[in-house]
Amino acid sequence: LWWPHSPPTRLPRPPPAAAGSGPVGPCGRRAYTPPAERKRFYQNVSISQGEGGFEINLDHRKLKTPQAKLFTVPSEALAIAVATEWDSQKDTIKFYTMHLTTLCNTALDNPTQRSKTQLIRAAVKFLETDTVCYRVEEPPALAELQKNEWDPVVTWAEKRYNVTIGSSTSILGPNIPASTKETFVSHLASYNMWALQGIEFVITQLKSLILSMSLIDRHITVEKAVLLSRLEEEYQIRRWGNVEWAHDYDLCELRARTAAGTLFVHLCSESSTVKHKLLQD
Amino acid sequence: MAALGAPLRTLRALRHAAGCSYRDSPAYRHVLAAFRAHWVTGEKLCRAQQELHFQAATYLCLLRSVREHEALHREYHGRGERSPQEVAGLVGFRLPQQPGGKG
């Protein structure tokens, strides 16, 4: 995912990290340490409605994207969620925890400059190496686990989209018929550009188009999708033990990113109306 | 639906995000308003209500995992790398002084 490199509002650069001694880089920073985190420089976060959509205000300053465009989102709920992310930063701003903000920045700036067609093509290409279609033959316990956990999802996708997918134990992966790919291409084309950025993000995280679609269609929860994506890891953890600083760290990060991506897709593609019925006297 | 859990947990998770005044935060008010709007319905199968439950559960997952991820990061990954001097010092060595610089 693309990280914001420059500060969102025009402020003086933070002072270089002074702690410790060692080889000093061009910015006066040590060569291998992560960049100094920015301090929280605002008191209040609020949202307001502008011409292009909803904007985020940090005190009196308007939030901008890394490419200095005005940060506007089409949905009020999304704006509120982004504002909550900014408001929940304590002393320092940890950009790596602000997944919704990063997704909005990516949608607004489109730094890889991909068109809708290119995004859809990248997403559907994942089907050829979809995690839930790639099966092992041994150990038999893992093969059995894959069959029991992944077969239902594949069957659901085949029924829901009226396609043939199947699974494979060969190194080349499953043979996906062209008609299946076309069905997914036309289904994804019904989403707008923002939602597509989110969908492609979720697919990249879960390494599976099928799991992403079942998540976006609300067939499974985020926790379940992450579990199915990490099935082999979970199997190995159960056999050999859990390493908190690696396994749990990856698990939480994957859950956070997948949840953010899913929420982003739903908030960018929904429109709700409330109709009030009059009570009969 | 049972797997989604109570939407109340989403509201409480906002407490960690916003701090003490979470009841006034826009996120809390928005979630509450959305649930109230979908509370009364004449339909037997309310899709909007299910969608809202799913969204609340997803947001809860997001808030909770971000918090846990940050805690793990702080505990295990927060300190960055040691300098060469510190690494040498771990085993009791000192780096050599080379007044002419490295050859």
Pulled fully out, how much extra length does the chain show between A:Glu128 and A:Leu70, if you take 0.36 nm times their separation in residues and subtract their Cα-Cα distance?
-> 17.1 nm
So what's the stretch A:152-195 giving for Cα Rg divided by 2.2 N^0.38 Å, two decimals?
-> 1.32
To the nearest 20 debye, what charge dipole does the stretch A:45-94 have about its Cα centre, counting +1 at the Cβ of each Lys and Arg and -1 at the Cβ of each Asp and Glu?
-> 220 debye
Hey, how many Å between the Cα centroid of the stretch A:220-254 and the Cα centroid of the stretch A:117-189?
-> 21 Å
Here the whole-number average of other chain Cβ atoms within 10 Å per Cβ of B:53-60 is 6
Counting only residues 5 or more apart in sequence or on a different chain, those whose built amide H sits under 5 Å from that of A:Phe54 are A:Val73, A:Ser75
Reported to the nearest 10 Å², A:Leu251 has, with a 1.4 Å probe, an accessible area equal to 30 Å²
Near the amide H of A:Ile47, under 5 Å away, which other amide H atoms are found, from residues 5 or more places off or on another chain, if H is placed in the peptide plane?
-> A:Asn57
Roughly how many nanometres apart are two label points built 7 Å out from the Cα toward the Cβ at A:Asp217 and A:Gln118?
-> 2.9 nm
Sequence-separation-based contact order of the stretch A:45-94, relative, with Cα cut under 8 Å and 6+ spacing, percent | 33 percent
Cα-based Rg/(2.2 N^0.38 Å) for the stretch A:45-94, rounded to two decimals, is 1.08
Dipole magnitude of the stretch A:173-247 about its Cα centre (Cβ charges: Lys, Arg +1; Asp, Glu -1), debye to nearest 20 = 100 debye
Of A:Ile80, A:Ser48, A:Ala68, which is farthest on the positive side of the dipole of the stretch A:45-94, counting Cα position, with +1 on Lys and Arg Cβ, -1 on Asp and Glu Cβ, and the Cα centre as origin?
-> A:Ala68
Estimated dipole of the stretch B:44-103 in Debye, rounded to 20 [Cβ of Lys and Arg +1, of Asp and Glu -1, Cα centre] | 60 debye
Could you list which residues have their amide H under 5 Å from that of A:Arg38, counting only those 5 or more apart in sequence or on another chain, with H placed in the peptide plane?
-> A:Ile93
State, to one decimal in nm, how far the label point of B:Gln49 lies from the label point of A:Ser170, with both points 7 Å from Cα in the Cβ direction.
-> 5.0 nm
Residues of A:82-92, mean number of Cβ from any other protein chain within 10 Å of their own Cβ, rounded to a whole number?
-> 4
Compare the peptides A:86-97, A:122-133 by average per-residue count of other Cβ atoms within 10 angstrom and give them in order, highest first.
-> A:122-133, A:86-97
Residue by residue, what Karplus-based ³J(HN,Hα) values in Hz, rounded to whole numbers, does the stretch A:90-96 have, using 6.51, -1.76 and 1.60 with θ = phi - 60° and x for Gly and Pro?
-> 8, 6, 10, 8, 9, 5, 6
Charge context of B:Pro26, other residues only, Cβ under 14 angstrom, K/R +1, D/E -1 = -3
Among A:Ala189, A:Gly166, A:Ala143 the positive-end extreme of the charge dipole of the stretch A:114-216 (Cβ point charges) | A:Ala189
Scattering profile of the stretch A:116-269 at q = 0.10 Å⁻¹ [log10 I(q)/I(0), Debye over alpha-carbon scatterers] = -0.35
Diffing the stretch A:200-212: the Karplus 3J(HN,Hα) column from phi (6.51, -1.76, 1.60, θ = phi - 60°), in whole Hz with x for Gly and Pro, holds 4, 5, 4, 4, 5, 6, 7, 6, 7, 6, 5, 5, 5
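The values are calculated or read from the model by the stated rules, or taken from the named source; none is laboratory data. Quick caveat: nothing in here was measured; it's all calculated off a predicted structure. For neighbour counting, all protein chains shown are included, and Cβ atoms are generated from backbone atoms with ideal geometry for every residue, glycine included. Quick note on the areas: whole protein, heavy atoms, side chains included, nothing else; ligands and nucleic acids left out. Shrake-Rupley method; radii C 1.70, N 1.55, O 1.52, S 1.80 Å.
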